[in-house]
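Here the structure comes first, spelled out in structure tokens, and everything after it is commentary.
The values are calculated or read from the model by the stated rules, or taken from the named source; none is laboratory data. These numbers come from a predicted model, not from an experiment. Cβ: placed from backbone, ideal geometry, glycine included. Neighbour counts: every protein chain shown.
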Amino acid sequence: MQLGAAITKALRDFGVNELFGIPGDFILPLLQQLQQQPDALPFYYLTHEPAVVYAADAAARCANRPAAVALTYGAGALNGVNAVAQAYEEYVPLVIFAGYPSRNEVASGLQIHHQAKTIDSQRRIYTEITCLQVRLDNAETATQVLYEALQTCKEQSRPVLIEVPRDAVDLDIVPRASYAAAAKVPVSVHEDDYQRLVVALSTARRPVILSGVNVRRSGAQHAVECLAEQFNIPLVTSLLGRASINPNHSCYGGVFCGATDTLAYQLLNNADVIIALGVIYTDSNFSAHRSLISSPHFYRIDFPEQSLKSWCSRLASEPLPLFETRSLNQPELQPDTTFSTDAVVQEIHRQLSQQSTIVPIVSDVGDCLFASLRASPTDFLAPAYYASMGYSIPAALGVYVTTQRRPVVLVGDGAFLMTGLELGQCLRYGCLPIIVLINNQRWDMIEAFAPKLNCTKLHHWQYTSIATSMGIESVRVHDHPSFAKAFAKAWAEPDQAHLIDVWMPEKSRSAKLSKFAETLTSINKTNSIEV
């Protein structure tokens, strides 16, 4: 059996339907063999390795299953390190196929091109950002090793590294008729903590569920929503876990992003029991609220240490009371009287809320991420914790490939300069997004943290001309009416990609970004616990 056939079958068995990558010499033999398979996975290639990983990352987030990446040895795989690190920290299941020198090349004793310090530096670096590292260099064990790596990726919802030597395509792989995952050792449910929580809930009056990103990664959204509905417990999400709960659910209480002027914060602050499910405890959420998570009425249920689905099912079987209904009406957002990032997102939300179809929104980091809280999309993607810039444009391709839906992309001018040219690749695959480019001619988030820094200004770029050169319809707008008109036109033309270059006035930064920067800066200066 060819290695390419074995890999294709294994990926298909785990629901992987696409491969992202960039061709490079060490991975070329494998790519050629993969493309020769009768049921070959479509191969989506981009311009730069970080963008490739971002696209696969978005595909994995959307489909809630592993996505695969193929990169060459050293120069390719190491160029993708930052993007893989982001996936690791945000629990995104990626299968990284990385090239590796052939047996003869290793035996030559020569320094191999693309090699770092040693022949195995690539693997050692990836030990920090993947949950498993394997190499397919043995015909007898390759299939077993491959399936175990994919199973680990799926169970832990984190990247794995699979190195493929250049000459591995010549191996006669021993096939497996079927694969059975090893029986998992039951994980302790922390019985004492569980019983303590049940007792606390039996007398509680204001419990709240805090839903984190791993509720979605583990496929426990429905179980969590049913648990909340059964006992009438309000649901709030972390910033990264924003897509873990349907914002239209009857128990939904909003997004907790550290700000104290939100319903989500008030619910948590007034709660006598907080059930934190699948939450990642990040500075962006908890720097100013460390006493919240150290409180005796804060109960942590973490993934993958525990099965969130099973835990919710067990709690749902307990004879707990139906808790008193609390008002979950979100404060009405006041329309901005000035043209700002908040106003732009509010207009997007107004127009998309009139549509019957699901519209994915992909946001880069920075002001557009904080302003995106002005919208309530069902499908939302953003690297809200690790926060690497340049994610959104290539992520749009991953969204489209997985869902066949047309995404709306929120991106700042700084992030666009990092990966914006990947739009040309998106068009080649039929991905025709609406790009809303928040153009404030600076790295505004950096300036929010360091107002006196003299290296945040960005040279004026003709983004509309760049877009036009790629075959994208583009327009520049300077005010609310012209933006509303441009966005409506873009939405009405689904067969054309659109870029709206939104020139922002001075001091148009969103209030949430300003407050976030002020809070973190204050904490780092004073080492205070509460702000």
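Filtering Arg65, Arg103 for residues that are under 14 Å from Val160 (Cβ atoms), modelled with pLDDT of 95 or more, surrounded by fewer than 24 Cβ atoms within 10 Å (Cβ to Cβ) and basic (Lys, Arg) leaves a single hit, Arg65.
Given Ser307, Ser295, which one is at negative phi, in the same structural domain as Gly212 (by TED's automatic domain parsing) and touching a residue at least 24 places away in the same chain (Cβ under 8 Å)? Step through it out loud before you land on a result.
Values: Ser295 fails: touching a residue at least 24 places away in the same chain (Cβ under 8 Å).
Just a single option satisfies the conditions, and that option is Ser307.
Selection within the range 114-127: residues that are under 18 Å from Ile22 (Cβ atoms) and touching a Gly at 6+ places or on another chain (Cβ under 8 Å). The member of this set that is surrounded by the fewest Cβ atoms within 10 Å (Cβ to Cβ) is His114.
Of the residues making up the range 409-424, not a single one is assigned to a loop (DSSP other than H, G, I, E, B) and either in contact with a helix residue (DSSP H, G or I) (Cβ under 9 Å, 6 or more places away or on another chain) or surrounded by fewer than 17 Cβ atoms within 10 Å (Cβ to Cβ) (or both). Could you tell me whether the range 388-400 includes any residue that is surrounded by fewer than 24 Cβ atoms within 10 Å (Cβ to Cβ), touching a Leu at 6+ places or on another chain (Cβ under 7 Å) and part of a loop (DSSP other than H, G, I, E, B)? No, the range 388-400 contains no residue that is surrounded by fewer than 24 Cβ atoms within 10 Å (Cβ to Cβ), touching a Leu at 6+ places or on another chain (Cβ under 7 Å) and part of a loop (DSSP other than H, G, I, E, B). Every test in (1) assigned to a strand (DSSP E or B); (2) within 19 Å of the chain's Cα centre (by Cα) is passed by Arg406 save one, and that test is (1).
When you look at Ala51, is it under 19 Å from the mean Cα position of the chain (by Cα) and part of a helix (DSSP H, G or I), yes or no? Against the criterion (under 19 Å from the mean Cα position of the chain (by Cα) and part of a helix (DSSP H, G or I)), Ala51 qualifies. Answer yes if at least one residue in the range 439-458 is more than 28 Å from Phe286 (Cα to Cα), surrounded by 19 or more Cβ atoms within 10 Å (Cβ to Cβ), touching a strand residue (DSSP E or B) at 6+ places or on another chain (Cβ under 9 Å) and of a type outside the set (D, E, K, R), and no otherwise. Yes, the range 439-458 has at least one match.
Restricting the range 460-490 to residues that are assigned to a helix (DSSP H, G or I) and in contact with a strand residue (DSSP E or B) (Cβ under 7 Å, 6 or more places away or on another chain), which is farthest from Gln346 (Cα to Cα)?
Going residue by residue through the range 460-490, those that are assigned to a helix (DSSP H, G or I) are 463-469, 480-490.
Narrowing the set further to residues that are in contact with a strand residue (DSSP E or B) (Cβ under 7 Å, 6 or more places away or on another chain) leaves 463-464, 467-468, 483, 486-487, 490.
Working: Tyr463: 23, Thr464: 23, Ala467: 25, Thr468: 27, Phe483: 11, Ala486: 15, Phe487: 12, Ala490: 16 Å.
Of everything passing the filter in the range 460-490, Thr468 is farthest from Gln346 (Cα to Cα).
Scanning the range 335-364 for residues that are surrounded by 24 or more Cβ atoms within 10 Å (Cβ to Cβ), over 19 Å from Ala511 (Cβ atoms) and either among the hydrophobic types (A, V, I, L, M, F, W, C) or not assigned by TED's automatic domain parsing to the domain that holds Pro481 (or both) turns up Ile361, Val362. Counting the residues of the range 220-245 that are modelled with pLDDT of 95 or more and assigned to a loop (DSSP other than H, G, I, E, B) gives 4.
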